[in-house]
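Beneath this line is the structure, given in structure tokens, with notes to follow.
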Amino acid sequence: MEVRGDLAMNNVSLRKARLEETNLLTELALRSKSYWKYPKSYIEKCRNALLIDSDYVENWPVTVGLYEDRIVGFSALKIIGDEQRLDHLWIEPKLIGRGIGTILFLESVSQAKKLGWTFFRMEI
């Protein structure tokens, strides 16, 4: 993806993920995880954990970040067991470090408040 100029936070828009975007989101998560130089064999083992399917999009708040109408990242909240979690926060690798993660994280905080959550956990 080519980005003209400096990607500023005010150039990214947010919206709810769409059912037809599930494969795209899964692949984005895998690319983003690959940014951290994990072996390809490990990334493939993560595929099921990073899978975004239509059930997930229908039942949990999944937010996509858009730049020039292209998805550049996404985040998602989910209850796992009895824990409220920031379950996903993934950015296109070429755009990591440009503020998109901050935008999506702050939107996740807003979404959590709408759900009545006072906190959520995230894995790092």
Next item on the list: Would you look at the GNM of the chain, springs on alpha carbons closer than 10 Å, and say which of A49, A112, A76 moves the most?
Entry: A49
Notebook entry, point to check: Where only protein heavy atoms count, and the probe is 1.4 Å, what is the accessible area per residue for region 29-95 in Å²?
Noted result: 56 Å²
Margin query: Stokes-Einstein diffusion coefficient for region 29-69 at 37 °C in a medium of 0.692 mPa s, Rh from the Kirkwood formula over Cα pairs: what value in µm²/s?
Written below: 274 µm²/s
Checklist line | Under-5 Å amide H pairs with D87, H placed in peptide plane, nonlocal only | finding: A76, L77, K78
Item checked: Fraction of accessible area attributable to carbon and sulfur, region 24-124 (%, probe 1.4 Å) -> 52 percent
Next item on the list: Compute the Rg to Rh ratio over the chain from the alpha carbon atoms, using the Kirkwood formula for Rh, and round to two decimal places.
Entry: 0.95
Notebook entry, point to check: From the backbone phi of region 108-115, what are the Karplus-calculated ³J(HN,Hα) couplings (6.51 cos²θ - 1.76 cosθ + 1.60, θ = phi - 60°) in whole Hz, Gly and Pro given as x?
Noted result: 5, 4, 4, 4, 4, 4, 4, 7
Notebook entry, point to check: Of the listed peptides 24-31, 55-62, what is their order by residue-averaged count of other C-beta atoms within 10 Å, with the highest listed first?
Noted result: 24-31, 55-62
Check: How many lysine pairs does the chain hold where the Cα atoms are under 20 Å apart and the two sit 8 or more places apart or on different chains?
Finding: 11
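The values are calculated or read from the model by the stated rules, or taken from the named source; none is laboratory data. Everything numeric here is computed off the predicted structure, so don't read it as measured data. Glycine gets a Cβ as well: all are built from the backbone with ideal geometry, and neighbour counts include every protein chain shown. Ligands, DNA and RNA are stripped out before the accessible areas are found, and what is left, the full protein with its side chains, is counted by its heavy atoms. Shrake-Rupley method; radii C 1.70, N 1.55, O 1.52, S 1.80 Å.
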